Amino acid sequence: FGVSVDKDLIEKFDEYVKSQGYINRSAAIGDLIRDKLIEEKIKEPENVSFGTIVFVYNHEKREINDKLVELQHNYLDIIIFNTHIHIDKRNCIENIVVKGKNSRIFSLAKDLRAIKGVLTVKLILTDINP
Ligand code: NI
């Protein structure tokens, strides 16, 4: 298909295409469209996605480890596995790999944010098809 785009914009886009290693504009445009459609899809509570929830917490906070374990036991239907890495004397980073309905994944992220001592929660979701 043909599209018309401002000269300035297409010049910047061509730089992007080159810097990302695409062989041509078409390949880059296809990826951008796919990414955008997936981005919209993973927002819908009823859709199923997979990805990771990455969060940092202060393990010295009272009873935080018990709270985190108890919480994750409430989400067995979407948790595939998790990893725990000790960052420094006080802080830990945990990565929970999830697959399931977005509403459940959002709910887990929300519950994690509500625990005192959890410092940051990042959700990285995707899907196979747009
Ligand atoms: Ni730790």
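Of the residues that make up segment 40-49, is at least one in a helix (DSSP H, G or I), more than 16 Å from the ligand (Cβ to nearest atom) and loosely packed, with under 14 Cβ neighbours inside 10 Å?
Yes: segment 40-49 contains one or more residues that are in a helix (DSSP H, G or I), more than 16 Å from the ligand (Cβ to nearest atom) and loosely packed, with under 14 Cβ neighbours inside 10 Å.
Quick one: how many residues across segment 109-128 are more than 19 Å from residue 59 (Cβ to Cβ) and free of Cβ contacts under 8 Å to residues at least 60 places away in the same chain?
Result for segment 109-128: 3.
Output yes when any residue across segment 28-38 is open to solvent by less than 90 Å² (accessible area, probe 1.4 Å), more than 30 Å from residue 100 (Cβ to Cβ) and in a helix (DSSP H, G or I), and no when none is.
Taking every residue of segment 28-38 in turn, at least one turns out to be open to solvent by less than 90 Å² (accessible area, probe 1.4 Å), more than 30 Å from residue 100 (Cβ to Cβ) and in a helix (DSSP H, G or I).
Quick one: would you say residue 91 is modelled with pLDDT of 95 or more and closer than 11 Å to residue 54 by Cα?
Taking the combined requirement at face value, the residue does not satisfy it.
In this structure, is residue 60 among the charged types (D, E, K, R), within 16 Å of the ligand (Cβ to nearest atom) and within 17 Å of residue 124 (Cα to Cα)?
The answer is no for residue 60.
From the list 40, 63, 46, which residue is acidic (Asp, Glu) and within 18 Å of residue 111 (Cα to Cα)?
Going through 40, 63, 46 in turn, just one is acidic (Asp, Glu) and within 18 Å of residue 111 (Cα to Cα): 63.
Select from segment 49-62 the residues that are modelled with pLDDT of 95 or more and farther than 20 Å from residue 95 by Cβ and list them in ascending order.
60
Could you tell me which residue of segment 68-99 is nearest to the ligand (Cβ to nearest atom), considering only residues that are in a helix (DSSP H, G or I) and open to solvent by less than 90 Å² (accessible area, probe 1.4 Å)?
Only one residue fits best here, namely 68.
The values are calculated or read from the model by the stated rules, or taken from the named source; none is laboratory data. Model, not experiment: these values are computed from the prediction. When we count neighbours, we look across all protein chains shown, and the Cβ atoms used for this are built from the backbone with ideal geometry, even at glycine. Quick note on the areas: whole protein, heavy atoms, side chains included, nothing else; ligands and nucleic acids left out. Shrake-Rupley method; radii C 1.70, N 1.55, O 1.52, S 1.80 Å.
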